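Everything on this sheet refers to the single structure shown next.
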Amino acid sequence: MSEKIDETENDMGERIRLLRVSFKKTQKEVAEYLNISQQTYSRIERGKTPVDSAIVKQLCELYGVSADTLLGIKKREEPKAEPERMAFGGNEAEFELFYKAWIDYKKNEGEKQ
């Protein structure tokens, strides 16, 4: 069995390593801050050991970064789908029928006032 957890853990380990190096800290210093052994910390950086949420939180506090940054989550410019369309499971025809009915309803509602 491979020692490597998966690509995601390995990528996160690399981001953690780059942060440590940019802050001019040693593995031992960061491990002491996290209250773990230097060996365990080294395995985290190499993607060999998964990182639990408590460690993620401590690293975010240490380096002043968000968990999104540490985990490599990129913000999307636009949502994948509009919430209204998502309610119809991507069925465009059903959504169009609903939308037209809603527009007619709103028009009629305005005329009654």
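The table below gives the values:
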quantity: Index of the failed condition, residue 54 passing every other in (1) outside any loop (DSSP other than H, G, I, E, B); (2) free of Cβ contacts under 8 Å to residues at least 60 places away in the same chain; (3) closer than 21 Å to residue 74 by Cα; calculated: (3)
quantity: Pair list, Cβ under 6 Å, 6 or more apart: the stretch 16-44 residue assigned by TED's automatic domain parsing to the domain that holds residue 61, other residue surrounded by 13 or more Cβ atoms within 10 Å (Cβ to Cβ) and among the acidic types (Asp, Glu); calculated: 16/45; 17/45
quantity: The listed residue being in a loop (DSSP other than H, G, I, E, B), exposed (fewer than 11 other Cβ atoms within 10 Å of the Cβ) and either modelled with pLDDT of 90 or more or touching a His at 6+ places or on another chain (Cβ under 6 Å) (or both), out of 24, 75; calculated: 24
quantity: Verdict on residue 41 being modelled with pLDDT of 90 or more and part of a helix (DSSP H, G or I); calculated: yes
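The values are calculated or read from the model by the stated rules, or taken from the named source; none is laboratory data. The shown structure was predicted, so the numbers you read here are calculated from the model rather than taken from an experiment. FYI the Cβ positions are ideal-geometry reconstructions off the backbone, even for glycines, and counts take in every protein chain you see.
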